[in-house]
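Have a look at the structure below before the remarks.
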Amino acid sequence: MWWENAVFYEIYIASFADSDGDGIGDINGIRKKLPYLKEFGIDALWLTPFYPSPKVDNGYDVSDYCAVDPQYGTLAAFDLLVEEAHQLEMRIIIDVVVNHTSTKHPWFIESASGKEHPKRDWYIWRDQPNNWESFFGGSAWKYDAATDQYYYHSFAEEQADLNWQNQEVKQAVFDVLRFWLGRGVDGFRFDVINNLTVSDQFIDNPVRKDGKQDHCIDVNQPGIKRVLKELNQWIKTVDPSIFTVAEISSDQLARINSYTEDGLFDTAFHFNLGSMEELDLEKLTRDFKEMSQQKKIPTLFFNSHDMSRSWQRLAKENRDIYRLLTVFLLINRGIPFLFQGEEQGVGDYLPQQLADIRDIQAKNKYQEELILSGESHALIMANQVNRDRSRGMLPWLSNQQSGWIGLAAVNQEAKGILADYQNLIRLRKTEGPFTAIRNIKLTGDCLSYQTESLQIILNFGQPIKHSLEGNRKTIFGNGMLSEDGHWVHLPAKACWIGKEQL
Ligand code: GLC
């Protein structure tokens, strides 16, 4: 399938490229950047939500699934984007946010209008709340005085959860997917899809000793896989080449992979590696070994719109480490998902005051901490979970202005970093597809592995001498081959890729 060897690029539309100078990225901005994306080797784009939305969660609170938010453009502009991308042989996948809708969505407004309304059961209404907490903090239940019931929201209270037990909801979502397939999209990214509520058992979540809740009853509910299988099967019946990738809210490999088995999604986001808080080579190697054995191709990424950028988080602003991570992403068996700006080594944007924070999760954290301590401490704590960090406007121009949000930090070595990405993607295309990974080894701080024809050595530590398999020539990185060709000497924090000589 086309996606098995594709390099994906995530576009967080509001911060990507602004074509009309209003400080907000838009669809025409993406269209202008298509040649740039093509040039550095991108095969497919993932567009985060561009639908009309009150933007409580910056677009993940959708109020109309079949339209374009006027801030971002029009349906006609979207059609042109798809057409132009296809002309350049790039595909487009879109975000599908159907765990919840905005409370401004007509479905919810109707559902909230009365207990007898035919759409009442499209959402989850109860006379009494249970102890479930929202992933953005606080109770996940909101009291509605007009009808004297509570509705369930696993994220913000303005994001009401749909009831996936209701067959009409499922049909309505199929209609939405059909609408976008008709406009030529090539696949879907399913948002927090293991959170769908498919059960009517509202048992309390267990609470741990530290007072935190284990989200074990409200996610991965019994019956969810049946619903998701039906969804995937329906999509593949329409067109088997449509790609589906699941966002599973878990960093456990086994849990993530369980959503790609048996007629479920083509793949899922591997947060077990993607969202690591810091570089842990032992964990990376352990999980990498397991992922290299799994049947379905894993995704590989170190960035997204929901986490601090890998330039800070994993590479600690070290260009050499960043390069090693780039090699791992691109010269490997896996579907790389790059996040806008990472190819230029863009760094985090850190708001300096509450008024500059845009992320609802960080705003909530600030308020929670403010009660316990002062403003400066609240800001520090909020920024620790602040998803604005990766969402700064991309610094395309030297005189770039910030817009709806501040600017992402410019990397002084942006040009060299971009060249690395470009060269490695080229290498991936000439030497790949990499379908079998062998000999994964961690020796001290040096990770090595082999693809069909390449030996890859990523030295995260001090200078080393590493043995080679077979007769090889250097095709990337810096290392010095011994005269007999059995060894390569690598400087500290360096990589080396050697190709087998036949
Ligand atoms: C996903 C999105 C995130 C959003 C959440 C709720 O995790 O990536 O940005 O806030 O779902 O829709």
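The values are calculated or read from the model by the stated rules, or taken from the named source; none is laboratory data. Just so we're clear, the structure is a prediction, and the values are computed from it rather than from any experiment. Every residue, glycine as well, gets a Cβ built from its backbone with ideal geometry; the counts of neighbours run over all protein chains shown. Areas reflect the complete protein model, heavy atoms only, side chains present, ligands, DNA and RNA absent. Shrake-Rupley method; radii C 1.70, N 1.55, O 1.52, S 1.80 Å.
Considering only protein heavy atoms and a probe of 1.4 Å, how much of the accessible area of the range 108-152 is carbon and sulfur, as a whole percent?
48 percent
In the range 145-175, which residues have a backbone nitrogen under 17 Å from the label point lying 7 Å from R226's Cα in the Cα-to-Cβ direction?
Residues 163-171 fall inside that zone.
Tell me, in nm to one decimal, what length is gained between Q384 and V410 on full extension, where the rule is 0.36 nm per residue of separation less the Cα-Cα distance?
7.3 nm
Cα axis of helix 167-182 to longest principal axis of the chain: angle in degrees, 0 to 90, nearest 10?
The two axes meet at around 50 degrees.
Relative contact order for the chain using alpha-carbon pairs under 8 Å, separation at least 6, rounded to a whole percent?
It comes to 12 percent, rounded to a whole number.
State the extension gain, in nm to one decimal, for the chain segment bounded by F174 and S398, taking 0.36 nm per residue of separation less the distance between their alpha-carbons.
76.2 nm
Round to a whole angstrom and tell me the spacing of the C-alpha centers of the range 427-502 and the range 135-162.
Rounded to whole Å, the Cα centres lie 53 Å apart.
If you line up the long axis of helix 375-385 against the longest principal axis of the chain, both from Cα atoms, how many degrees apart are they, to the nearest 10?
70 degrees
If you take the Cα Rg of the range 108-152 and divide it by 2.2 N^0.38 Å, with N the number of residues, what do you get?
1.15
Only bridges whose two residues both fall in the chain count here: according to DSSP, what percent of them are antiparallel, nearest 5?
Given both bridge residues lie in the chain, the antiparallel proportion sits at roughly 60 percent.
Stokes-Einstein D for the chain at 20 °C, 1.002 mPa s, Kirkwood Rh over Cα pairs, in µm²/s?
The estimated diffusion coefficient comes to 89 µm²/s.
Quick check: Cα centre of the range 26-83 to Cα centre of the range 215-248, how many Å?
What the calculation gives is 24 Å, centre to centre.
In whole angstrom, how far apart do the alpha carbon centroids of the range 249-298 and the range 336-363 sit?
Result: 24 Å between the Cα centres.
Restricting attention to the alpha-carbon atoms of the range 437-500, what are Rg (one decimal) and Dmax (integer), both in Å?
10.3, 28
If I take R0 = 25 Å and measure r between the Cβ atoms of S453 and A419 in this structure, what FRET efficiency does the formula 1/(1 + (r/R0)^6) give, to the nearest 0.05?
Approximately 0.60, to the nearest 0.05.
Relative contact order (percent) for the range 437-500, with alpha-carbon contacts under 8 angstrom and 6 or more residues of separation?
33 percent
Kindly flag which residue pairs out of K55/K142; K296/K429; K115/K365; K289/K499 have an alpha-carbon separation exceeding 26 Å in this structure.
K115/K365
If you take the beta carbon distance between R319 and Q294 as r and set R0 to 35 Å, what does 1/(1 + (r/R0)^6) give as a FRET efficiency, to the nearest 0.05?
It comes to 0.65.
Take peptides 69-75, 183-189 and line them up by average Cβ neighbours within 10 Å, highest first, as a rough protection proxy.
Order by mean packing, descending: 183-189, 69-75.
I'd like the orientation of helix 224-238 relative to the chain: the angle between its Cα long axis and the longest Cα principal axis, in ° from 0 to 90, rounded to 10.
With rounding to tens, the tilt is 70 degrees.
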